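Asker: Okay, here's the structure, questions in a sec.
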Amino acid sequence: MSSGSFNPFKMAQQQFDEVAAKLGLDEATCDLLRNPDREYHFGIPIRMDDGSYKVFRGFRIQHSDARGPCKGGIRFHPQETVDTVKALAMWMTWKTAVVDIPLGGGKGGVICDPHTLSMREQEAICRGWVRQVVKNVGPVQDIPAPDVLTTGQHMLWMLDEYEKITGMKSPGFITGKPAGFGGSLGRTEATGYGVVYTIREALKELNIDIKKTTASVQGFGNVARYTIELFNQYGGTVTAVSCWNHGEQKAYTYKKSNGIKLDELLSITNKFGEINVEKAKALGYEILAGNDWISQEVDILIPAALENQVNAETALNIKSSVRVIAEGANGPTTPEADEIIKSKNIWMIPDFLANAGGVTCSYFEQVQNNMNYYWDKDEVLTKLDRKMTEAYHAVSELSRSKNVYMREAAYLISIQRVAEACKYRGWV
Ligand code: GLU
């Protein structure tokens with residue numbers, strides 16, 4: 001989903017190369033880990049509602065299964081590219097490693113626009129996607145999950161197709177299923193809540209009272225919403241949120257200096273979760289340009305939309321009031337912007353640490369599927385909080401003791417863990 005000359009896979013490789021050099025990794029290990037293990041590219045032929053036929057391009061990239069089966073979501077997006085999926089698959093490997101769960105990294109995608117597809121057409125794409133990769137995915141090979149514009153419903157259609165083909169019930173084939181259908185309580189909240197657990201820990205370390213903080217959020221999807229929900233529960237105030245508007249093909253930032261209200265905004269969204277501009281105006285929201293979320297006078301910035309949002313251009317607009325950036329999205333910040341953020345002395349909670357709550361809860365979901373015994377929500381969230389808090393502190397301690405940027409510290413931990421698995425297995 002990249003625009004212009006921005007290539008997320010090149011960015012992911014650049015980030016890897018810099019840390020691999022610092023770790024002194026040998027050439028074979030570098031060669032192995034800077035590329036995916038396996039790539040599947042395929043066509044998904046669909047009969048559309050009007051009787052015509054259309055072929056959608058689908059992907060599954062398995063970056064590394066050195067630490068366990070590949071794991072990662074599937075995105076539906078009109079601007080999806082294979083290089084984006086490759087980058088995201090690599091970031092999943094670092095994500096599962098930083099929270100130390102026994103899984104690898106993968107990612108899938110389909111170039112399609114759910115806004116223009118009926119539910120029946122989306123179901124057909126989900127089933128077609130599974131048919132194309134059925135031999136190469138599964139509970140002990142590669143486990144998909146939801147991501148941008150895919151939901152529990154999509155996961156259930158995929159599971160059903162997988163079970164039809166294999167003739168067996170395998171709820172652990174896919175995660176992010178609705179609760180009651182093999183899903184885990186807390187999975188919907190997990191990514192956003194995880195972001196807030198890491199923010200809470202960072203603020204403690206910085207001696208800042210969360211109740212006195214303000215935040216600006218980019219995005220209004222699943223991650224953003226549950227980030228706002230828990231941040232509000234902890235007493236923080238979100239003063240601005242930006243949200244995509246499909247009709248106008250641009251985003252707007254919705255601002256209320258004394259705090260936006262999540263329920264109020266949710267009540268004026270369409271079925272794709274996009275906020276209605278006129279209704280927001282009527283509710284007293286200031287309507288700003290999409291990019292204005294980043295130039296707010298707040299303590300915390302939370303990019304929770306897509307990649308390449310905090311870049312050399314936009315990072316210059318970050319106000320000096322900002323103390324923490326917590327990346328809810330995958331790959332929102334470019335290496336050039338990282339340099340600007342370092343120079344501004346902002347505490348960065350990098351994506352594959354900050355947003356690891358989703359995959360951690362997916363792991364819990366699989367564990368529950370395997371036991372066929374389900375935990376209550378408190379148990380799930382308590383375990384999630386513990387995992388996220390531990391991972392946060394491991395990265396933060398390394399960052400302080402080695403005096404390195406938080407993203408680099410997170411990479412050092414993850415790459416070392418994955419490289420070690422490759423070595424012990426005798427691969428390199
Ligand atoms: N798509 C989410 C991510 O990027 C969750 C992946 C998963 O649960 O496997 O982390």
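The values are calculated or read from the model by the stated rules, or taken from the named source; none is laboratory data. All of these numbers come straight from a predicted model, not from anything done at the bench. Don't worry about glycine lacking a Cβ; one is built from the backbone with ideal geometry, like all the others, and counts go over all protein chains shown. The area values use the complete protein model at the heavy-atom level, side chains included, leaving out ligands, DNA and RNA. Shrake-Rupley method; radii C 1.70, N 1.55, O 1.52, S 1.80 Å.
Asker: Using 0.36 nm per residue of separation minus the Cα-Cα distance, give me the extension gain between ASP100 and GLU397 in nm, one decimal.
Answerer: 105.3 nm
Asker: Mind giving me the nanometre distance, one decimal, between the label points for GLU163 and GLU286, set 7 Å out from Cα along Cα→Cβ?
Answerer: Using points 7 Å along Cα→Cβ, the separation is 5.1 nm.
Asker: Same structure again: Would you kindly derive the ³J(HN,Hα) couplings of the range 73-80 from the backbone phi angles with the Karplus curve 6.51 cos²θ - 1.76 cosθ + 1.60 (θ = phi - 60°), listing them in order in whole Hz, with x for Gly and Pro?
Answerer: Going residue by residue, I get x, 10, 9, 10, 7, x, 9, 4 Hz, with x marking Gly and Pro.
Asker: To continue, here is another question. Starting from the Kirkwood Rh over alpha-carbon pairs, what translational D in µm² s⁻¹ does the range 1-123 have by Stokes-Einstein at 10 °C and 1.306 mPa s?
Answerer: Estimated diffusion coefficient is 102 µm²/s.
Asker: Separate question: Taking only protein heavy atoms and a 1.4 Å probe, what accessible area per residue, in Å², does the chain have with all protein chains in place?
Answerer: Solvent-accessible surface per residue comes out at 40 Å².
Asker: Over the range 355-428, what is the relative contact order in whole percent, taking alpha-carbon pairs under 8 Å and six or more residues apart?
Answerer: Worked out over the range 355-428, it gives 20 percent.
Asker: Percent of Cα-Cα pairs per 5 Å bin, from 0 to the last occupied bin, for the range 84-154, please list those.
Answerer: Binned Cα distances yield the sequence 3, 13, 23, 25, 19, 11, 5, 2.
Asker: Rg and Dmax of the chain over Cα atoms: what are they, in angstrom?
Answerer: For the chain, the Cα-based Rg and Dmax read 20.5, 64 Å.
Asker: GLU18: accessible area at probe 1.4 Å, nearest 10 Å²?
Answerer: Surface accessible to solvent at GLU18 totals approximately 110 Å².
Asker: When the Karplus curve 6.51 cos²θ - 1.76 cosθ + 1.60 is applied with θ = phi - 60°, which whole-Hz ³J(HN,Hα) does each residue of the range 342-352 get, with x for Gly and Pro?
Answerer: In residue order, the calculated couplings are 4, 5, 8, 6, 8, 7, 9, 9, x, 3, 6 Hz.
Asker: Quote the FRET efficiency, to the nearest 0.05, computed for ASP209 versus ALA312 with a Förster distance R0 of 35 Å and r equal to the Cβ-Cβ distance.
Answerer: Between ASP209 and ALA312 the formula returns 0.60.
Asker: Where Lys and Arg each count +1 and Asp and Glu each count -1, what net charge lies around LYS256 among other residues with Cβ under 10 Å from its Cβ?
Answerer: The answer is 0.
Asker: Now, a different point. Once you put a point 7 Å from the Cα of LYS54 and another 7 Å from the Cα of VAL428, both along the Cβ direction, what distance in nm separates them?
Answerer: It works out to 4.1 nm between the two label points.
Asker: What residues have an amide H closer than 5 Å to that of GLY73, excluding those fewer than 5 places away on the same chain, when H is modeled at 1.01 Å from N in the peptide plane?
Answerer: Amide H neighbours of GLY73, under 5 Å, 5+ apart: GLY108, ALA145.
Asker: Follow-up. For the range 175-200, list residues with backbone N below 12 Å from a point placed 7 Å from the Cα of GLU379 toward its Cβ?
Answerer: Backbone N within reach: 185.
Asker: At a 1.4 Å probe radius, carbon and sulfur cover how many percent of the accessible area of the chain?
Answerer: 49 percent
Asker: Additional query: How many angstrom separate the Cα center of the range 27-89 from the Cα center of the range 301-328?
Answerer: Using only Cα atoms to place each centre, the spacing works out to 27 Å.
Asker: In what order, largest first, do ASP351, ASP49, ASP26, ASP385 sit by accessible area if the probe radius is 1.4 Å?
Answerer: Per-residue accessible area, sorted high to low, gives ASP49, ASP26, ASP385, ASP351.
Asker: Which three extents, in whole angstrom, do the alpha-carbon atoms of the range 208-353 cover along their principal axes, largest first?
Answerer: So the three principal-axis extents are 40, 34, 25 Å.
Asker: Then there is this: Charges at C-beta only: +1 for Lys and Arg, -1 for Asp and Glu. How large is the resulting dipole of the chain about its Cα centre, in Debye rounded to 20?
Answerer: 400 debye
Asker: Mind grabbing the accessible area of PHE352 for me, 1.4 Å probe, Å², rounded to tens?
Answerer: Accessible surface of PHE352 is approximately 0 Å².
Asker: May I ask you to derive the relative contact order of the chain, considering only C-alpha pairs under 8 Å and at least 6 residues apart, and to give it as an integer percent?
Answerer: Taking the mean separation of contacting Cα pairs over the length of the chain, I get 16 percent.
Asker: Nothing charged except the Cβ atoms of Lys and Arg (+1) and of Asp and Glu (-1): what's the magnitude of the dipole of the range 1-111 about its Cα centre? Round to the nearest 20 debye.
Answerer: 320 debye
Asker: Considering amide H positions built from the backbone, and no H for Pro or chain starts, which residues 5 or more places from SER64, or on another chain, come under 5 Å of its amide H?
Answerer: ASP37, GLY105
Asker: If you don't mind, there's one more thing I want to ask. Cα atoms only: what Rg and Dmax, in Å, come out for the range 143-183?
Answerer: 9.5, 29
Asker: Using unit Cβ charges (K, R positive; D, E negative) and no other charged atoms, how large, in debye to the nearest 20, is the dipole of the range 346-388 about its Cα centre?
Answerer: 100 debye
Asker: Still on this model: Taking just the alpha-carbon atoms of the range 283-370, what radius of gyration and Dmax come out, in angstrom?
Answerer: My reading of the Cα-based Rg and Dmax gives 15.4, 49 Å.
Asker: What is the count of Lys pairs in the range 282-428 whose alpha carbons sit under 24 Å apart, if the two are 8 or more places apart or on different chains?
Answerer: Close lysine pairs under the 24 Å cut-off: 6.
Asker: Here's something else I'd like to know. If R0 is 45 Å, what FRET efficiency do you get for GLU420 and GLU278 from their C-beta distance, rounded to 0.05?
Answerer: Step by step, r from the Cβ atoms, then E = 0.20.
Asker: Are there trypsin sites (Lys or Arg not before Pro) in the range 91-171 that DSSP puts in a loop and that have at most 16 other Cβ atoms within 10 Å, and which ones?
Answerer: LYS135, LYS169
Asker: Here's a follow-up. Under 15 Å from a label point 7 Å along Cα→Cβ of ARG38: give me every residue in the range 49-85 with its amide N that close.
Answerer: Taking a point 7 Å out along Cα→Cβ of ARG38, the residues of the range 49-85 whose backbone N falls under 15 Å are 59-72.
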